[in-house]
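Visitor: Sharing a structure below in structure tokens format, with a few things to ask.
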Amino acid sequence: MKPTLSIYENLGGEQGVRALVEAFYPIVMQNEKLAPLFPEDIQPVMDKQYMFLSQFFGGPALFSEAYGHPMMRARHMHFEVTVERAEAWLSCMNQALTQIGVEEPLHSFILQRLSGPAHHFVNTP
């Protein structure tokens, strides 16, 4: 990990973020706590996640350009997001980071960076 570069750049830019998203969603769709939250056609979700993570990781503001301010908590309010689901989401991301070969300390840094938003989305006891 090069501390002078953004997460986006450290992941390898567009290609790295796409690889992460493409590794992540098959894992999510196998997770019994998360899969029911997602539509059968997962591609539009993957496209939005790619745009959001690119922006969130310090790359181009693709999500904002396409959809306006992310307002991610508001966008997730119609889903029952529990602490268990937030932790399951992070576990899936951990597996995806491992699968695409993201090494330490970048691996842990990304999980830490995503932990705040994942828990911020919790809206159901």
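The values are calculated or read from the model by the stated rules, or taken from the named source; none is laboratory data. On a predicted model such as this, the values are computed, not experimentally measured, just so you know. For neighbour counting, all protein chains shown are included, and Cβ atoms are generated from backbone atoms with ideal geometry for every residue, glycine included. Quick note on the areas: whole protein, heavy atoms, side chains included, nothing else; ligands and nucleic acids left out. Shrake-Rupley method; radii C 1.70, N 1.55, O 1.52, S 1.80 Å.
Visitor: With just the Cα atoms of region 1-48, tell me how far they stretch along each of the three principal axes, in Å, largest first.
Guide: Principal axes ranked by extent give 39, 19, 12 Å for the Cα atoms.
Visitor: Would you work out what percent of the accessible area of region 1-67, with all protein chains in place, is carbon or sulfur (probe 1.4 Å)?
Guide: C and S atoms contribute 51 percent here.
Visitor: Averaged across orientations, what area in nm² does the convex hull of the alpha carbons in region 71-120 project?
Guide: 3.6
Visitor: I've got another one for you. Taking 7 Å along the Cα-to-C-beta vector as the label spot, tell me the M1-E84 distance in nanometres, rounded to one decimal.
Guide: Calculated label separation equals 3.1 nm.
Visitor: Follow-up. For the chain, report the accessible area per residue in Å² (1.4 Å probe, heavy atoms, rounded to an integer).
Guide: Roughly 57 Å² per residue, with all protein chains present.
Visitor: Based on Cα coordinates alone, diagonalise the gyration tensor for the chain, multiply each eigenvalue by 5, take square roots, and list the semi-axes in whole Å, largest first.
Guide: Working through the eigenvalues yields semi-axes of 22, 17, 14 Å.
Visitor: Size of the dipole of region 36-125 about the Cα centre, Lys and Arg at +1 and Asp and Glu at -1 on the beta carbon, nothing else charged, in debye to 20?
Guide: 280
Visitor: Where the centroid of each part is defined by its Cα atoms, how far is region 30-51 from region 64-125 in Å?
Guide: Rounded to whole Å, the Cα centres lie 13 Å apart.
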